[in-house]
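Working notes, beginning with the structure itself.
The values are calculated or read from the model by the stated rules, or taken from the named source; none is laboratory data. Note that this is a predicted model, so its numbers are computed, not measured. For neighbour counting, all protein chains shown are included, and Cβ atoms are generated from backbone atoms with ideal geometry for every residue, glycine included.
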Protein chains: 2
Amino acid sequence: METLAVIKIGGNIIDDPGKLDLFLSEFAALEGRKILVHGGGKMATQLAEKLGIRQTMIDGRRITDEETLKVVTMVYAGLINKNLVAQLQAKGCNAMGLSGADGNSILAHKRGAPGSAPHEERQAAGIDRTVDYGFAGDVDRVNGKFLAGLLEQDKALVFAPITHDGKGQLLNTNADTVASEIAKALGAAFGVSLVYTFEKSGVLMNADDDATVIHRINPGTYKELRDRQIIFSGMIPKMETAFAALDAGVRKVIIGKAEDLHELLSGHSGTTIVRH
Amino acid sequence: METLAVIKIGGNIIDDPGKLDLFLSEFAALEGRKILVHGGGKMATQLAEKLGIRQTMIDGRRITDEETLKVVTMVYAGLINKNLVAQLQAKGCNAMGLSGADGNSILAHKRGAPGSAPHEERQAAGIDRTVDYGFAGDVDRVNGKFLAGLLEQDKALVFAPITHDGKGQLLNTNADTVASEIAKALGAAFGVSLVYTFEKSGVLMNADDDATVIHRINPGTYKELRDRQIIFSGMIPKMETAFAALDAGVRKVIIGKAEDLHELLSGHSGTTIVRH
């Protein structure tokens, strides 16, 4: 079975040109099929501020009103996505940028709309059902067959976290979720590694010491780490998403620094989350 | 031979939601392979103004400084492109948005850079060589094989007029040129009709009377119309581009109103430009 790496990068990489360039070189050099999912970094917030559009964040999630949706569509699907693709092309990696609307690749629904996830699931994902998130999208379906076809043409895919509802509405979608839903949809066709990069070297025993990476977590050790409050707050939804991805056929989930990409995938760095 | 329609729309459609919706319905219903190339409309200028970025236009061409390049990348490749794709999806047309960087589909070079078009060609296209156009791109190569592969997967392609130089630099490119270069690159594989839409019903005998459409122009009648100054100024580069496309294997070039799309393609409306 061919391997596929689905790698999510966030603001700490996108906002740092030096780190980004190093990461893209590593990504370009990666063997096997690959998909990059990017968040937005500070640029969307900065543009919104310049335009006088007030930004509201609740628990780290942006409230997407109509004007904010325009801003994130411009910054994520336009500025960031196309620059990432052009930079990968310059590194000899034939990349292709996509939003969820392109090729109907990711269908979603407006959060709170009929067909929304049940209360329990939303709670697990850290979503407060009493909040109106505006044009925020929860994923319904990833068109894995279409994506597999592009991967087989030797294209590296670069996804902006913008989806659509099939009725003409674009939706702002959590980039972690986009990455896991893509990984899940392709889990039957490829041996998928899902990589979440963030500012630390992995899940840490001691949050202040980057040398205390926990190399492997399974459901048993996760329960223990959670009980001991070594894993807490923002890391809990990430872990829940990771286990859900494993349940859905993803081979492994890895958490660590984007700069360590090769070591993360070879298991020499970061935290690898597995079923057993 | 399968047919392919390459259709360019400009600001007069993009800036008018009612006309745009009608046009997209016609485009979605169109049989055969199809590619939409869009310009930017007023949105880029409006965003630049809000951000305090001064816009300079020379002979209808935007001077693209670094900040303006960011604006057009956001507006063309992000906001407009993704909304067009989402609206086509809602109409049952499986569209996919692209810039020239995506899949290395359109390679260009910065105007004035080594390898630029010779003076005569640039003059013919209305480009003044004494002007620094900034990050404006002249097209070198369209990856026709890649585009043909996507078309054969029954995707309608939607192109933003943003290209790349293969070295990591995005470039703002004239949408008329993007349309003709795509049409030319696919002229051997498909029976291509290249459609330029604008605010009038076609090339007019009397510029003030929309009922005086010239139905058919060939090189002989073109020379005559030009000598009589019925065709002048901005229409001349369009006509030169049209004849160059025909020389390169495009079957016909049609000029008319976007709202008349079906009639344009069936030859019942607009001006059709042919070799003989």
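When the residues of segment B:96-119 are filtered to those that are under 21 Å from B:LYS70 (Cβ atoms) and surrounded by fewer than 19 Cβ atoms within 10 Å (Cβ to Cβ), which remaining residue is modelled with the highest pLDDT?
Looking at the filtered set, the residue picked out is B:GLY112.
Mind checking which residues of segment A:156-207 are touching a Ser or Thr at 6+ places or on another chain (Cβ under 7 Å), within 14 Å of chain B (Cβ to nearest Cβ) and either within 24 Å of A:GLU224 (Cα to Cα) or not small (Gly, Ala, Ser) (or both)?
Within segment A:156-207, A:PRO161, A:ILE162, A:THR163, A:LEU170, A:LEU171, A:ASN172, A:THR173 qualify.
Among the residues of segment A:169-224, how many are within 19 Å of A:HIS276 (Cα to Cα) and among the aromatic types (Phe, Trp, Tyr)?
Of the residues in segment A:169-224, 1 are within 19 Å of A:HIS276 (Cα to Cα) and among the aromatic types (Phe, Trp, Tyr).
May I ask you to say which residue of A:ALA86, A:ALA108 is outside any helix (DSSP H, G or I) and touching a Leu at 6+ places or on another chain (Cβ under 6 Å)?
Only one candidate qualifies: A:ALA108.
Can you say whether A:PHE146 is at the interface with chain B (Cβ under 9 Å from one of its Cβ atoms), in contact (Cβ under 8 Å) with a residue 40 or more places away in the chain and under 21 Å from A:HIS109 (Cβ atoms), as far as the supplied structure shows?
When the stated conditions are applied, A:PHE146 passes them.
Tell me yes or no: at least one residue of segment B:174-188 is more than 27 Å from B:VAL75 (Cβ to Cβ) and surrounded by 14 or more Cβ atoms within 10 Å (Cβ to Cβ).
yes
Name every residue in segment A:43-67 that is in a loop (DSSP other than H, G, I, E, B) and surrounded by 12 or more Cβ atoms within 10 Å (Cβ to Cβ), in order of residue number.
A:LEU51, A:ILE53, A:GLN55, A:THR56, A:ILE63, A:ASP65, listed by residue number.
What number of residues within segment B:27-74 satisfy the criterion of being within 11 Å of chain A (Cβ to nearest Cβ), in contact with a Gly (Cβ under 7 Å, 6 or more places away or on another chain) and at pLDDT below 95?
0
Step by step: first the residues of segment A:84-102, then only those that are touching a residue at least 12 places away in the same chain (Cβ under 8 Å) and facing chain B (nearest Cβ under 7 Å), then the one that is nearest to A:ASP21 (Cα to Cα). Which residue is that?
For segment A:84-102, the residue satisfying everything is A:GLN87.
Scanning for something more than 17 Å from the chain's Cα centre (by Cα) and touching a residue at least 24 places away in the same chain (Cβ under 8 Å), does segment B:171-187 turn up at least one residue?
For segment B:171-187, residues more than 17 Å from the chain's Cα centre (by Cα) and touching a residue at least 24 places away in the same chain (Cβ under 8 Å): absent.
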